[in-house]
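The values are calculated or read from the model by the stated rules, or taken from the named source; none is laboratory data. Keep in mind it's a predicted model, so treat the numbers as computed, not measured. All Cβ positions, even for glycine, are placed from backbone atoms using ideal geometry, and neighbour counts span all protein chains on display. Just so you know, the surface numbers come from the protein's heavy atoms only, side chains and all, with ligands and any DNA or RNA stripped out. Shrake-Rupley method; radii C 1.70, N 1.55, O 1.52, S 1.80 Å.
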Amino acid sequence: MGLHQAKLELLPFVTGELNYLAPTQGKPRTYAFEPPPGEPRSTALPESHQVPIFDARLIAAGLSLDREGFALVRHPTIVRNFYDDKEVRSVYYPAAEAFLRATLKADRVVIFDHTVRKRVEGAADVRGAGPRQPATRVHVDQTELSGANRVREHLPDEADELLKGRVQVINLWRPIRGPLRDTPLAMLDGQTVEPGDLIASDLIYPNRRGETYSVKYNPNHRWYYVPEMTTDEALLLKCYDSATDGRTRFGPHTAFVDPTTPPD
């Protein structure tokens with residue numbers, strides 16, 4: 001059963017503040033490093049909206065990456081310290097690759113990046129300065145352009161042939177401590193996203209220019225989260241899908257402040 005069939009009025013929910021993209025002139029852009037003198041770090045300004053965010057646990061069995069754009073999975077790990085980059089790459093990468101290959105029935109999985117996040121009250125979100133802060137703006141990690149470019153970047157000799165078939169970019173998101181109560185992740189049902197809601201935005205690095213989707217507010221959006229996720233659970237988030245046969249191609253998401261989080 002798809003989420004569009006679920007009776008939302010029967011699901012528990014919280015009301016959370018989500019940061020959409022405010023109207024802006026020109027293509028939004030954000031520097032991933034200290035910007036040039038006189039330049040703002042970002043022209044993608046937030047526009048906050050209070051929205052209901054429904055508990056997806058009661059309908060988790062019916063979630064589909066191809067329909068809603070996200071799914072809850074069981075994914076235990078033996079990693080002891082996710083802040084140890086060497087352990088993540090040597091222990092977690094191979095396990096995650098095997099898990100994704102089996103779960104998605106993929107011919108091949110290539111892992112190209114990971115980010116560790118930890119909310120520190122009042123700290124700036126600075127790349128290369130320890131764990132990143134939660135990403136509290138509604139976004140998609142890749143766009144139609146940058147998703148295909150990821151294939152060309154990591155598999156240059158095969159990219160053209162691979163892109164004739166189906167290629168997906170999937171974000172495997174998990175809590176590294178649990179139960180997760182502080183700044184959980186909200187997922188937007190991809191069925192409720194209109195093409196005009198997604199705004200391609202530049203992400204500028206010292207040596208390259210990436211692209212993500214910012215998201216404009218739409219009152220028809222339906223949001224979900226999984227309360228108190230454990231360290232044996234993970235979320236799969238669709239960030240790009242080269243398929244054009246009606247599948248959800250992008251799954252917007254954002255961290256948010258859960259108003260039911262205990263003060264301690």
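Under the classification rounded if a/c is under 1.5, otherwise prolate if a/b is larger than b/c and oblate if not, where does the chain fall, given a ≥ b ≥ c as square roots of the Cα gyration tensor eigenvalues?
On the way: a/c = 1.14, a/b = 1.04, b/c = 1.09.
Here the chain falls in the rounded category.
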Legend entry - Per-residue ³J(HN,Hα) for the stretch 226-237, Karplus 6.51 cos²θ - 1.76 cosθ + 1.60, θ = phi - 60°, Hz, x for Gly and Pro: 10, x, 6, 4, 9, 6, 9, 10, 8, 10, 9, 10
Inset, instruction - Could you pull the accessible area for R137 with a 1.4 Å probe, rounded to 10 Å²? - result: 90
Inset, instruction - Could you order peptides 27-37, 41-51, 245-255 by the average number of other Cβ atoms within 10 Å of their residues, highest first? - result: 245-255, 41-51, 27-37
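What whole-number value in Å² describes the accessible area per residue of the chain for a 1.4 Å probe? Provide the component values of the computation, followed by the final result.
Details: 14380 Å² over 264 residues.
For the chain, the per-residue accessible area is 54 Å².
Put W173, W223 in order of accessible area, largest first, 1.4 Å probe: what do you get?
Per-residue accessible area, sorted high to low, gives W173, W223.
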Legend entry - Whole-Hz ³J(HN,Hα) from phi, Karplus 6.51 cos²θ - 1.76 cosθ + 1.60, for the stretch 247-264, glycine and proline x: 5, 5, 9, 9, x, x, 7, 6, 6, 8, 8, 6, x, 8, 4, x, x, 9
Inset, instruction - List the residues whose amide H sits under 5 Å from the amide H of V257, counting only those 5 or more places along or on another chain, with H placed 1.01 Å from N in the peptide plane. - result: E17
Legend entry - Percent carbon-and-sulfur accessible area, the chain, ignoring ligands, DNA and RNA, probe 1.4 Å: 50
Legend entry - Accessible area of I59 in the full protein assembly, 1.4 Å probe (Å², nearest 10): 20
Inset, instruction - Report, by chain and number, residues whose modeled amide H sits under 5 Å from the one on R29, excluding near sequence neighbours (fewer than 5 apart, same chain). - result: T43, A44, D202
Inset, instruction - With 32 Å as the limit, write out which pairs from K7/K238; K27/K118; K86/K216; K27/K86; K7/K27 have Cα-Cα distances beyond it, or answer none. - result: K86/K216; K27/K86; K7/K27
Inset, instruction - Rank these residues by their accessible area, most exposed first, probe 1.4 Å: E158, E153, E87. - result: E153, E158, E87
Inset, instruction - In whole Hz, with x marking every Gly and Pro, tabulate ³J(HN,Hα) for the stretch 35-40 from phi via Karplus 6.51 cos²θ - 1.76 cosθ + 1.60, θ = phi - 60°. - result: x, x, x, x, 9, x
Inset, instruction - Leaving ligands, DNA and RNA out of it, rank L145, L21, L58, L72 by accessible area with a 1.4 Å probe, largest first. - result: L58, L145, L72, L21
Inset, instruction - Could you state how much accessible area D157 has, in square angstrom rounded to the nearest 10, with a 1.4 Å probe and all protein chains kept in place? - result: 150
